[in-house]
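Just below is one structure, and these are the notes that go with it.
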Amino acid sequence: MAVPSAFASTMRPLLFLFAVLLLLVALPAGAVRARTSAPQTPRFPILAWIGPPAAETSVERYRELANAGFTHNFSGFPNVEAMAIALDVAHNAGILQFVSLPELAADPEGVVARFKQHPALAGYHLRDEPSSKDFPALATWVKRIQAVDREHPCYINLFPTYASSEQLGSPTYREHLDTFLRDVPVPFLSYDHYPIVGDRLRGDYYENLEQAAAAAQARNVPLWAFVLATAHDPYPIPTPAHLRLQAFSDLAYGAQCIQYFTYWTPESTVWNFHQGPIEKDGKRTPTYDRVRQMNAEIQALAPHFLGAKLIRTGHTGSLPRGTREYAPEAPVAAVDTSDGGALVSLLEQGADRVLAVVNRDFQKPLSVTVRFDGSRRVARFGRDGKRARVRGRRVPVELEPGDIAVFRWPRDE
């Protein structure tokens, strides 16, 4: 029977709404959320080196780790059963876990086949600070793992510049890095360097960053770098400025993962380890809150550094060993630090350019003046990630010890 036109025009919107409601009811809840939720910004990878020990594997301990801002964990485990429990617990807490256990060396194919599908798997930890003489055997080990799982990385961490030539097994540090990346097929370059000794900064700290960043760029692999979080002689209990200097310098050199040595304070008869974020007895120390704050600052700055490509670095003031003087290019006219020295780096982030200025002094504040030529619209960001207004072409900035200032502008405008 025909429906009168006036009635039909009244009913059409109601019928459409009813059809939409039926569709929404029929869809799975997750599908509705996926259509209505805003896309999430990826989190910057932050790794706990020596996280909760096997005996402390629990959801509570791993959530405590996550609450401190860590996204990844590396702990050693005695066997595959303990490793399987840790992966399940890590998944529950939202942590990615590196596999590390004796069987990974004895039966890499079997271990990898067992864990490669686990949703919490971050990769496979193989060795720490190997000599160049170990590289052939490590290359074989990596290839055996990759034959079973090419999706998850093998993790090998290298020495710093202050290792001896006997430790390196190479004539020079740069040759050590280049040989490793040439011979061992890993997808990133990781090295450790603990720069604050007593009340001074090691003279080769920035030289190490320079060489590691250059080696990673030459092989087109990401750089992973460290922050020291656990005191041991002669390294002091870290202050917020100690943490900032290391983390912000790592970011300015293009690091794509920040690692902490350590999270859980290790037992040792050689090193006087103390005051890590979690002490040997399992109790939190003041370092826990300092690291949690540092990690929040890293995530606040992640939109500028995650996925960014390093263009070049330079330094003002007295130049650290192995570095070069900062040379400005448009739209930056100058970076003045008359009373001290700063690390200045230029990075590419998508269609934008990012300028990072880091106070190299972890004891004293630094007055910085950045001058622009007016050819680009520039935004400024502090370590909290908040945007600050840039008025005019001359921008004065007061940086606390180890602090950072970030400037961003469109590459083409």
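See the values below:
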read-out	value
Segment 64-204, dipole about Cα centre (Lys/Arg Cβ +1, Asp/Glu Cβ -1), debye to the nearest 20	280
Residues of type aspartates and glutamates that Lys280 reaches as a straight line, Cα spacing below 12 Å, ignoring anything fewer than 8 places off in the same chain	Glu56, Glu267
Given charges at Cβ of Lys, Arg, Asp, Glu: the chain dipole, positive-most of Ala351, Pro52, Thr369	Ala351
Neighbourhood net charge (11 Å Cβ-Cβ; Lys/Arg +1, Asp/Glu -1) for Gln293	+1
Cα centroid separation, segment 148-192 to segment 49-118 (Å)	23
Net charge of Cβ neighbours under 11 Å - reference Gly322; Lys, Arg +1; Asp, Glu -1	0
Charged-residue dipole, Cβ positions (Lys, Arg, Asp, Glu), segment 310-410 about Cα centre, Debye nearest 20	380
From the coordinates shown, Rg and Dmax of the Cα atoms in Å corresponds to which of [x] 20.6, 59; [y] 21.9, 72; [z] 25.0, 96	[z]
Fewest-first sequence of Asp183, Asp250 by Cβ atoms within 10 Å of each Cβ	Asp183, Asp250
DSSP H segments from the chain that extend 24 Å or more along their own axis, Cα-based, with Kyte-Doolittle mean of -1.0 or above	5-26, 286-305
Pairwise FRET efficiency - Ala55 versus Ile311, Cβ, R0 = 60 Å, nearest 0.05	0.80
Cβ charges +1 (Lys, Arg) and -1 (Asp, Glu), total dipole of the chain, debye	1780
Neighbourhood charge, 13 Å Cβ-Cβ cut-off, centred on Ser131 and excluding it, Lys, Arg +1 and Asp, Glu -1	-4
Under-5 Å amide H pairs with Asn73, H placed in peptide plane, nonlocal only	Ala48, Leu96, Gln97, Phe98
Hits among lysines - C-alpha to C-alpha of Lys143 under 20 Å, sequence gap 8 or more where chains match	Lys116, Lys133
Between segment 335-413 and segment 202-219, the Cα center-to-center distance that results, in Å	22
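Just so you know, all these numbers are worked out from the coordinates, no wet-lab data involved. Remember, it's a predicted structure, so these values are computed and weren't measured experimentally. Because the Cβ atoms are built from the backbone with ideal geometry, glycine has one as well, and the counts that use them run over all protein chains shown.
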